[in-house]
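Values in this text are rule-based calculations from the coordinates and carry no lab data. Being a predicted model, the structure only gives us computed values, none of them experimental. Cβ: placed from backbone, ideal geometry, glycine included. Neighbour counts: every protein chain shown.
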Amino acid sequence: MDEKGHDISLSPAECQEILGTHTVGRLGWAAAAGPTIQPVAYVVRDDQILFRTAPTTLLSSLAEGTQVCFQIDDLDESTLTGWSVLVRGTSRRFDGSADVELPTPWAPGDRHLVIVIEPHEYTGRVVSGDWPTLGSERAQSV
């Protein structure tokens, strides 16, 4: 990025802090049918990410232990600014050993299966571009 914009890496601690202030993210994994991404409502408890699903959904396959990635972000296309946090980890069935307030799923129905993501790596970044320059180049190319 040139001197008019920025691309700043976030520390793992900053990523964890941001994760704790949001409630919806995207979960990615290599499903049987191929790469898959699904939105989930989540909570963070003791550096773990928890979400609910039904035992008959595609997400329920993650109860058996799967390598996953989890992302949250905030992007503003009009100003070319935003941030992104990515977590890599392993999913498994939550054993319920701790009392935790679980998120309310967006999808209707009985969603009593709780999946937890054990993070292994946190990465993130904040990005902004030189909006007037990039915006005018974009306008000329349309």
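Just a few scattered comments:
- Against the chain, whose longest principal axis is taken from its Cα atoms, helix 131-141 shows a tilt of about 80°.
- Net charge of Cβ neighbours under 13 Å - reference residue 113; Lys, Arg +1; Asp, Glu -1: +1
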